[in-house]
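Report on the structure given below.
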Amino acid sequence: MIRIDVLTLFPEMCEGVFGTSILGKAREKGIARLNAVNFRDYANNKHGSVDDTPYGGGGGMVLKPEPIFAAVEHLLDNLEGRSDSGDQAISIAQEESANLRIILMCPQGRTFNQRIAEELAKEKHLIFICGHYEGYDERIREHLVTDELSIGDYVLTGGELPALTVIDAVVRLQPGALGNESSAVTDSFSTGLLEYPHYTRPAEFRGWKVPDMLLSGHHANIEAWRREQSLKRTLERRPELLEQAELTPKDHKLLERLKTELNKTCSGSRSEEQKASF
Ligand SMILES: C[S@@+](CC[C@H](N)C(=O)[O-])C[C@H]1O[C@@H](n2cnc3c(N)ncnc32)[C@H](O)[C@@H]1O
């Protein structure tokens, strides 16, 4: 079982997601233990304030270090089998790093992708820290966390949606989380390529037919068709992924043919701008 704790000022945002779809089922089946903690409960003042104005002036409020350190220390002190107190807070990250990651959600972090999801899915315990306001006191970044993750080059109001994005990607990789185990294996990016197109019934809809190959019942040919479609789609939409993907000599041959076909299509029907992007 993977344990995931989310430190947030808005636990209600997490609870809805934790109870729904694959995450809800993973929780029910005991595959993932999902928990939202309001770090306002760890504020060291009677007003429950967790932020303050920045030293040096300027706009926006900054999250104070005390409540976030205290919330993490409380979680770690209450882990099964751990009895010592949290005096050595400064070294928490290093000490537990073998199977614990403390992840700060922030636009300045490493950009999240499927490789990172696969890496995090192997851990036993993840703690996510969701920011708000202008940002965090830098000492949280320097002395508490093991990782900083961004979900892309844009700024959201808080870290909850980014954390939930990462959590969903990680939990669906846990053994038994998906109804159909093969779907995580063939998903886009898991193979290093984009996934092939899917079709379902009816075989013909408004005159648009499902490719004959998929109706042939010939397993090996269908697999070959899917591999080609996957390569084609990646070449058309995300050609840079091909540089890192594991490709067989047969894939390389196919790609040469697909590139030639694509160039012909480009010179025939695409605009000058589209042509320039190939
Ligand atoms: C308004 S943002 C703060 C942005 C910060 N002032 C900066 O320029 O880097 C508030 C919080 O939302 C979260 N957040 C916003 N955009 C994010 C992104 N792209 N990835 C991860 N977290 C994000 C972080 O937790 C961040 O601390």
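Think of region 126-183 as a dipole: +1 on every Lys or Arg Cβ, -1 on every Asp or Glu Cβ, centred on the Cα centre; then among GLY152, ALA177, ILE140, ALA177 lies furthest on the positive end. With respect to the chain, whose longest principal axis is taken over its alpha-carbon atoms, helix 249-269 is tilted by about 80°.
Please work out how many pairs of lysine residues in region 2-171 are eight or more positions apart (or on different chains) and have Cα atoms closer than 25 angstrom. List each step's numbers first, then the result.
Values: LYS25/LYS122; LYS25/LYS124; LYS29/LYS122; LYS29/LYS124; LYS46/LYS64.
Here the count comes out as 5.
Per 0.36 nm of contour for each residue apart, how much would the distance between MET213 and ASP52 grow if the chain were fully extended, relative to their Cα-Cα spacing?
On the way: separation 161, 0.36 × 161 = 57.96 nm, distance 6.28 nm.
The span from MET213 to ASP52 would gain 51.7 nm if fully extended.
For the chain, which span is the longest to avoid every loop-located (per DSSP) member of GluC sites (Glu not before Pro) having at most 13 other Cβ atoms inside 10 Å?
Working: sites that count: GLU80, GLU246.
The answer is 81-245.
Explain nothing, just the number: relative contact order of region 126-278, from Cα pairs under 8 Å at least 6 residues apart, as a whole percent. Each step should come with its number before you reach the end.
Working: 85 pairs, mean separation 24.3, N = 153.
Relative CO of region 126-278 lands at 16 percent.
In this simple spin-label model, placing a label point 7 Å from the Cα along the Cα-to-Cβ direction at both LYS124 and ALA224 gives a separation of 4.8 nm.
In debye, nearest 20, what is the charge dipole magnitude of region 206-277 about its Cα centre with +1 on Lys and Arg Cβ and -1 on Asp and Glu Cβ, if you could check?
On the way: 15 positive and 12 negative charges, 55 e Å.
My answer is approximately 260 debye.
Charge dipole of the chain (Cα centre as origin; +1 on each Lys and Arg Cβ, -1 on each Asp and Glu Cβ, all else neutral): 1480 debye, rounded to the nearest 20.
Provide the gained length on full extension for the span LYS250 to ARG201, in nm with one decimal, where the gain is 0.36 nm per separating residue minus the Cα-Cα distance.
Details: separation 49, 0.36 × 49 = 17.64 nm, distance 3.13 nm.
Answer, rounded to one decimal: 14.5 nm.
Quick check on the chain: of the DSSP beta bridges with both residues there, what percent are antiparallel, nearest 5%?
Working: 4 of 28 bridges.
Taking every DSSP beta bridge with both residues in the chain, the antiparallel ones total about 15 percent.
Toward the positive end of the charge dipole of region 206-277, with +1 on the Cβ of Lys and Arg and -1 on the Cβ of Asp and Glu, the farthest Cα among ASN263, ASN221, LEU241 is that of ASN221. Between the C-alpha center of region 15-41 and that of region 122-172 there is a gap of 16 Å.
For region 1-62, the list of trypsin sites (Lys or Arg not before Pro) that fall in a loop by DSSP and count at most 12 other C-beta atoms within 10 angstrom reads LYS29, LYS46. Averaged over its residues, the chain has an accessible area of 58 Å² per residue, based on protein heavy atoms and a 1.4 Å probe. The stretch between ARG110 and SER21, if pulled fully straight at 0.36 nm per residue, gains 29.3 nm over its current Cα-Cα span.
What part of the accessible area of region 2-171, given as a whole %, is carbon or sulfur when the probe is 1.4 angstrom?
Values: 4180 of 8350 Å².
With neighbouring chains kept in place, the figure for region 2-171 is 50 percent.
Once Rg and the Kirkwood radius are both taken over the C-alpha atoms of the chain, their ratio Rg/Rh works out to 1.08.
Lysine pair count for region 206-277 with Cα-Cα distance under 25 Å and sequence separation of 8 or more or different chains is 13.
The values are calculated or read from the model by the stated rules, or taken from the named source; none is laboratory data. Keep in mind it's a predicted model, so treat the numbers as computed, not measured. Methodologically, a virtual Cβ is constructed for each residue, glycine included, from the backbone with ideal geometry; neighbour enumeration extends over all protein chains shown. Side chains included, ligands, DNA and RNA excluded: accessible areas come from the protein's heavy atoms. Shrake-Rupley method; radii C 1.70, N 1.55, O 1.52, S 1.80 Å.
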